[in-house]
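Inspection log for the structure reproduced underneath, given as structure tokens.
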Amino acid sequence: MYLPKNFYSEKYIAEKIAKMLNEEPWRISSIDELIKEAEVAKNIRYGSKQKEAIKKAVENNISIITGGPGTGKTTIVSALLYIFQKQDKLVALASPTGKAAKRLEEVTGHPAKTIHRLLEARFDKEFRSVRFFRNELNPLDEDVVIVDEFSMVDNELAASLLKALREDAKLIIIGDMDQLPSVGAGNVLRDLIESGVIPVTKLDVIFRQEETSGIIINSKLIKEGKMVRFNNKDFIFHELVSPEQVVEEFVKELEKGKTLDDVQILTPMKKTDIGTLELNRLIQERINPPHPQKEEITYGSKIFRVGDKVMQTQNNYEKEIFNGDTGYVKRAYRDEEGLRHVVIDFDGRIVDLVEEELKEIIPAYAITIHKSQGSEYDTVIVVIAMNHYIMLKRNLLYTAVTRARNTVKIFGDMQALKIAINTIDSSKRYTALKERLKEQKEQMERGILYALEI
């Protein structure tokens, strides 16, 4: 059984993609020469799979590039930017979260936005709902739209993105389907890949500079259901004794000169003594305790204190902050009417949140693995223990490990780790997108062109 919005979103996705596949794409001549030029300009030699991905992206209206960490997905984006810009094409880079968009911008040198900002999401006060200003009647200006971290995109957002594409625009989808699926309805990336109707490049070669990385090696082992190999360099195991032990390790990393943006604790759940609630309480007490000169506000069981790292957990379109955005508390006070305010710096964007809006803010020294999707940190401290038995799944552990750039430290017990590696998530998502895509493509090939209904 479907909710109407999910049914119509899924139906639209299938129809729009079938239409894109049926349309003749605009082409770029001398693609091989342009790839060689990009290699010289970027001082890199692309592998055969990377060249295949570039060609498919350039030659088709829609294509998918999928692969794990270290397989060169970002390198391909840089090449595509070079090639399209040489042809005077406008390119938009986007990702589901602010953190992922920021990282994409840093590694490519090209502006990147969240999908919501790209589509110019606005809160309609009259209807108390969200509207996307970019849509079928007001499509995006760009010739090419490249979306990273697509595993996080749900049915509704995917449909909204497709509605906003120009008739002649190219869509390039990048993601890792072995990560956790979207929080919202659907399993869009996996369904698109498994439908077999969209050109897909699966990157499976680890590049030389990554071959010795414990993170890359072990993420591949986890994906294959094999036991990880620990070392004393970048993939380290500690037998979990107490939550204080995790806090102590977190503090040690900060004492090495790392920032709160560099180090992140990830745990499967909010509850228990090794969940986010308790770990955040302990860390706040340790690194940001009460002080007469520090403003603080209590909201329910949460204390917001100046200097705290926090995360937005829902999309707040009125304030233009979105689920997963992280920031730091700058002020915490009551106004003349007694209303509680917390002023937060979200990466240079200062937002004043009042009363009910504070429900959507949580401390973020420790966050759930689900909330870490789309983010990347220098060092990740992962808690994997039997307390969270119900959550011990392969894709959860894989997602946690692949959030780290340089170091993973796992605190837990071997039994829990083995269970996580060996347990495939059996909570099937019932979708019909794969079947709809196949059916729509067949209809298109038979010359039956259906008008988009929504």
**Study point:** region 413-439 - residue that is surrounded by fewer than 17 Cβ atoms within 10 Å (Cβ to Cβ) and of a type in the set (S, T, Y) and, of those, modelled with the highest pLDDT
**Key:** Y430
Review point. Here are some conditions: (1) out of contact with any strand residue (DSSP E or B) (no Cβ under 7 Å at 6 or more places or on another chain); (2) in a loop (DSSP other than H, G, I, E, B); (3) not basic (K, R). N387 meets all but one. Which one does it not meet?
Key: (2)
Exercise for review: Only one of these is outside the structural domain of T97 (by the TED database), over 18 Å from D261 (Cβ atoms) and not in a strand (DSSP E or B): L353, L358. Name it.
Suggested key: L358
Revision key, fill the gap. Turns out the strands (runs of 3 or more DSSP E) fully within region 153-267 with at least 3 residues that are buried (at least 20 other Cβ atoms within 10 Å of the Cβ) are 170-175, 263-267
Study note, to complete from the structure: A careful count of residues in region 312-332 that are within 16 Å of A101 (Cα to Cα) and hydrophobic (A, V, I, L, M, F, W, C) gives 2
Revision key, fill the gap. Cβ pairs under 8 Å, 6+ apart or interchain, first in region 294-321 and at pLDDT 95 or above and of a type in the set (A, V, I, L, M), second assigned to a loop (DSSP other than H, G, I, E, B) and surrounded by fewer than 18 Cβ atoms within 10 Å (Cβ to Cβ), ordered by first then second residue, are V306/K294
Exercise for review: Please indicate, with yes or no, whether at least one residue in region 98-111 is at pLDDT 95 or above, of a type in the set (A, V, I, L, M) and surrounded by 15 or more Cβ atoms within 10 Å (Cβ to Cβ).
Suggested key: no
Check your understanding: Which of (1) touching a residue at least 12 places away in the same chain (Cβ under 8 Å); (2) surrounded by fewer than 19 Cβ atoms within 10 Å (Cβ to Cβ); (3) in a loop (DSSP other than H, G, I, E, B) does S375 not meet, given it meets every other one?
Key -> (2)
Point to revise | Checking Y398 against (1) crowded, with 18+ Cβ neighbours inside 10 Å; (2) within 23 Å of L277 (Cβ to Cβ); (3) at pLDDT 95 or above, the condition it does not meet | key: (2)
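Would region 31-51 turn up any residue that is over 24 Å from G109 (Cα atoms) and either surrounded by 21 or more Cβ atoms within 10 Å (Cβ to Cβ) or not assigned by the TED database to the domain that holds I173 (or both)? Lay out the reasoning, then the answer.
At the first step, the residues of region 31-51 found to be over 24 Å from G109 (Cα atoms) are 48.
Adding the requirement that they be either surrounded by 21 or more Cβ atoms within 10 Å (Cβ to Cβ) or not assigned by the TED database to the domain that holds I173 (or both) leaves none.
No - not one qualifying residue is present in region 31-51.
The values are calculated or read from the model by the stated rules, or taken from the named source; none is laboratory data. It should be emphasised that the depicted structure is a prediction, and the values quoted were computed from it without experimental measurement. Please note: Cβ atoms are built from the backbone with ideal geometry, for glycine as well, and neighbour counts cover all protein chains shown.
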